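Heads up: the structure comes next, in structure tokens.
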Amino acid sequence: MELVDMESNVLNLLPLIRRKIPNYDRSKLKIRLTAVFDRGRKSTFNIDTWQPELQWHLPVTEVRKIYAL
């Protein structure tokens, strides 16, 4: 999927969220969704190779550092 397609998919969430949370500031929501989207793109996490049982003993903060989340 191209970046433009993914970005438009993220922005397509705005009307759905607005219906669920009608008083939420649209510009703040867009900023938060964009930040989440960018964080996901920069992440090194791969669900296909992840072995959670090897990281159960680690604190969540450490796991987030490993995968750049």
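Readers should treat all values here as calculations from the given coordinates under stated rules, not as data from a laboratory. This one's a predicted model, so the numbers in the text were calculated from it and none came from an experiment. Because the Cβ atoms are built from the backbone with ideal geometry, glycine has one as well, and the counts that use them run over all protein chains shown.
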Can you pull the one-decimal nm distance between simple spin-label points at Glu53 and Arg26, each 7 Å off the Cα toward Cβ? 4.9
Work out from phi, with θ = phi - 60° and the Karplus expression 6.51 cos²θ - 1.76 cosθ + 1.60, the ³J(HN,Hα) of each residue of segment 42-58, listed in order in whole Hz, and give x for Gly and Pro. 7, 5, 9, 5, 10, 4, 6, 10, 5, 10, x, 5, 7, 10, 4, 6, 8
Calculated SAXS-style log₁₀ I(q)/I(0) at q = 0.30 Å⁻¹ - segment 18-64, Debye, Cα scatterers: -1.11
